[in-house]
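Chemist: Just passing along the structure, written as structure tokens.
No lab work stands behind these numbers, since they all come straight from the coordinates. Just so it is clear, the structure is predicted and the values come from calculations on it, not from any experiment. Please note: Cβ atoms are built from the backbone with ideal geometry, for glycine as well, and neighbour counts cover all protein chains shown.
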Amino acid sequence: MLSAEFFKEVEEVILKLKALKENETVIVTHDDADGLSSGAILKEALKRNSFEVKVIFLEKIFPEVVRDLHSKYNLIFYTDIGSAHTDLISSLNLKNSLTIILDHHNASNGEGNNVYDLNLEKHGYKGETDFSGATITYLFAKQLNSRNEDLIYLALVGSKEIPEGFLSINKDLLSEAERKGYIRKKGSDYLITKLNVSLGEMFSSLQILGSVGYYSQGPEIGIKAAISGIDPSVEEKIKILESERKKANKKLISALSRGSLEKLNKIQWFNASKFFKGMGTKVLGTFCSYLSYQTHIIDQDKYIVGIMDMPNEIPGWGKLEKEYCKISARAPKKLQELIKSNKSIPVDDLLIKSVSSHGFADGHDFAASAIVTKGSETEVIKKMDSL
Ligand SMILES: [Mn+2]
């Protein structure tokens, strides 16, 4: 059972929201399936409360985007993103706009200036296993108005990103949704009753729309599909995106096996810009993970590093001041063992140290990513190899 303390905290924030008497807001959300599910829940809930809502999809927190949004809006939401950067968000919240973060990533200190992070990690739950961005967003929406209960299935769609399955809070939501008829068992999955789509199908559709379709309205289409279902035109869009990605992956794999993978002492790297043109940069990380299993191409004891140029545009927001590249890094199996036994440095540490002033990085022991200014990438690669 969720603690009364958590609900009290949510209630306090909702009172502030109501006292604000604002009817225009922006939601900043992550561009993956959990982020799209969270965005869909909150957008729908706020629309039902007569808000005019804009949604911005981000893969990472760009300070210039945060600064700009906080200068324009009096009410700002972050879903499935933001917890790790409350200090940055607070410091850029110059108008003291009411800012509500609904996330499950590791919480950081630095709340203040009217910024509230309702992360359940502060109440003893784990964001890795017990709840997703969509879970916490749903709990907020339901507390805002109990009629938002019908959005419960989206908490489960977003939570599909957790490999361990539905545990803890999610397990409770799963049985509640089934008991109330919002979902029903179908084989090893559940069907979303009103949309006639399974949780798994909705999850993978949103994943493709958000990542591959990032620069071609994929996330907006995904949010709509999350609420009203996957119609034939959406299905067609997903099919096209999937086949484009498949083609790109195949071409890149064959280029790498013909020698385009540059091998240094500790790093093996490649540039994927021309292969993934027009797709969201998340496809690079997915590809790097896949590559880490292609033992006929890679060295098992070297970090895998992929680079691609990013269009200097955030859809729905505008042009970024600078040009950036995305860097994704992965550890193959053998290197993972070396990291576990402290003989090699974790991938996120390596990337964060190498990126330094050229951009920003985050991640985990075996997988990490960064955004760096264009032109600095060779220096970052060299630094990584030397570290
Ligand atoms: Mn998430």
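Chemist: I need the GluC sites (Glu not before Pro) found in the stretch 114-194, filtered to DSSP loop residues with at most 16 other beta carbons within 10 Å of theirs.
Modeler: When the GluC sites (Glu not before Pro) of the stretch 114-194 are filtered for loop state and at most 16 Cβ neighbours within 10 Å, 128, 164 remain.
Chemist: Within a Cβ distance under 14 Å of residue 377, other residues only, what is the Lys/Arg minus Asp/Glu net charge? Provide the component values of the computation, followed by the final result.
Modeler: Values: positive: 322, 326, 374, 382, 383; negative: 262, 309, 323, 379, 385.
So the surrounding residues net to 0.
Chemist: To continue, here is another question. Does the stretch 245-386 classify as rounded, prolate or oblate by the C-alpha gyration tensor (a ≥ b ≥ c root eigenvalues; a/c under 1.5 gives rounded; else a/b over b/c gives prolate, otherwise oblate)?
Modeler: Verdict is oblate for the stretch 245-386.
Chemist: Still on this structure, please answer the following. Taking θ as phi - 60°, what are the ³J(HN,Hα) couplings along the stretch 21-34 by the Karplus curve (6.51, -1.76, 1.60), each to the nearest whole Hz, with x for Gly and Pro?
Modeler: Listing the rounded values in order: 6, 9, 10, 10, 8, 10, 10, 9, 9, 6, 8, 9, 4, 5 Hz.
Chemist: Further, regarding this structure: Count the net charge of all other residues whose Cβ sits under 14 Å from the Cβ of residue 143, scoring Lys and Arg as +1 and Asp and Glu as -1.
Modeler: +1
Chemist: Provide the three semi-axes, in whole Å and in decreasing order, of the ellipsoid equivalent to the stretch 105-237 as defined by the square roots of 5 times the Cα gyration tensor eigenvalues.
Modeler: One finds semi-axes of 25, 19, 14 Å for the stretch 105-237.
Chemist: Starting from the amide H of residue 362, placed 1.01 Å from N in the peptide plane, find each other amide H under 5 Å away whose residue is 5 or more places distant or on another chain.
Modeler: 369
Chemist: Counting only helical runs of four or more DSSP H residues, what would the 222 nm mean residue ellipticity of the chain come to if each run contributes -39,500 (n - 2.57) and the total is spread over all its residues?
Modeler: Counting only the DSSP helices, I get -13500 deg cm²/dmol.
Chemist: Which residue, 117, 150, 31, tops the fluctuation ranking in a GNM of the chain built on C-alpha contacts under 10 Å?
Modeler: Result for the chain, Cα springs under 10 Å: 150 fluctuates most.
Chemist: Please report 373, 25, 281 as a ranked list, fewest other C-beta atoms within 10 angstrom at the top and most at the bottom.
Modeler: Listed from fewest to most nearby Cβ atoms, that is 373, 25, 281.
Chemist: Also: Which percentage, to the nearest 5, of the DSSP beta bridges contained in the stretch 4-230 is antiparallel?
Modeler: On the way: 6 of 25 bridges.
If we restrict to bridges inside the stretch 4-230, about 25 percent are antiparallel.
Chemist: Among DSSP beta bridges whose residues both lie in the chain, state the antiparallel percentage, nearest 5.
Modeler: Here the share of antiparallel DSSP bridges comes out near 55 percent.
Chemist: Another one. How many angstrom lie between the C-alpha centres of the stretch 81-108 and the stretch 35-66?
Modeler: Centre-to-centre distance over Cα atoms comes out at 14 Å.
Chemist: So what's the net charge close to residue 282: Lys and Arg +1, Asp and Glu -1, counting the other residues with Cβ under 9 Å from its Cβ?
Modeler: Working: positive: 326; negative: 31, 32, 59.
Residues close to residue 282 contribute a combined charge of -2.
Chemist: List, in order, the whole-Hz ³J(HN,Hα) value for each residue of the stretch 253-261 obtained from phi through the Karplus relation with A = 6.51, B = -1.76, C = 1.60 and θ = phi - 60°; use x for Gly and Pro.
Modeler: 4, 6, 4, 5, 6, 8, x, 7, 8
Chemist: What list of ³J(HN,Hα) values in whole Hz, one per residue of the stretch 3-13 in order, does the Karplus curve 6.51 cos²θ - 1.76 cosθ + 1.60 (θ = phi - 60°) give from phi, with Gly and Pro shown as x?
Modeler: These are the phi-based 3J(HN,Hα) values: 6, 4, 4, 4, 5, 5, 4, 4, 4, 4, 5 Hz.
Chemist: Under 1.5 on a/c is rounded, so check that first for the stretch 1-100, then, if it is not, pick prolate when a/b is larger than b/c and oblate when it is not; a ≥ b ≥ c are the square roots of the alpha carbon gyration tensor eigenvalues.
Modeler: Rounded, since a/c falls under 1.5.
Chemist: Here's a follow-up. Among 54, 302, 18, whose mean-square fluctuation peaks in a Gaussian network model of the chain (Cα, cutoff 10 Å)?
Modeler: Among 54, 302, 18, the largest GNM mean-square fluctuation belongs to 18.
Chemist: For helix 377-386, report the angle its Cα long axis makes with the longest principal axis of the Cα atoms of the chain; keep it between 0 and 90° and round to the nearest 10°.
Modeler: Roughly 70 degrees, rounded to the nearest 10.
Chemist: Here's another thing I want to ask about it. Report, to the nearest 10°, how far helix 63-72 tilts away from the longest principal axis of the Cα atoms in the chain, using its own Cα long axis and a range of 0 to 90°.
Modeler: For 63-72 against the chain, the angle is about 20 degrees.
Chemist: Sort 103, 189 so the one with the fewest other Cβ atoms within 10 Å of its own Cβ comes first.
Modeler: Details: 103 30, 189 13.
Listing 103, 189 from fewest to most nearby Cβ atoms yields 189, 103.
Chemist: Please work out the C-alpha center-to-center distance from the stretch 324-367 to the stretch 122-196 and express it in whole Å.
Modeler: After rounding, the separation between the Cα centres reads 32 Å.
Chemist: For residue 119, enumerate residues with amide H under 5 Å from its amide H, sequence gap 5+ or separate chain, H modeled in the peptide plane.
Modeler: Close amide H contacts, sequence-distant or interchain: 103.
Chemist: Helix 168-179 against the longest principal axis of the chain: what's the angle in degrees, Cα atoms only, rounded to the nearest 10?
Modeler: Roughly 60 degrees between the two axes.
Chemist: Indicate the gyration tensor shape class of the chain (rounded, prolate or oblate), computed on the Cα atoms with a ≥ b ≥ c the square roots of the eigenvalues: a/c under 1.5 is rounded; otherwise a/b larger than b/c is prolate and the rest oblate.
Modeler: Numbers: a/c = 1.68, a/b = 1.42, b/c = 1.18.
The shape class here is prolate.
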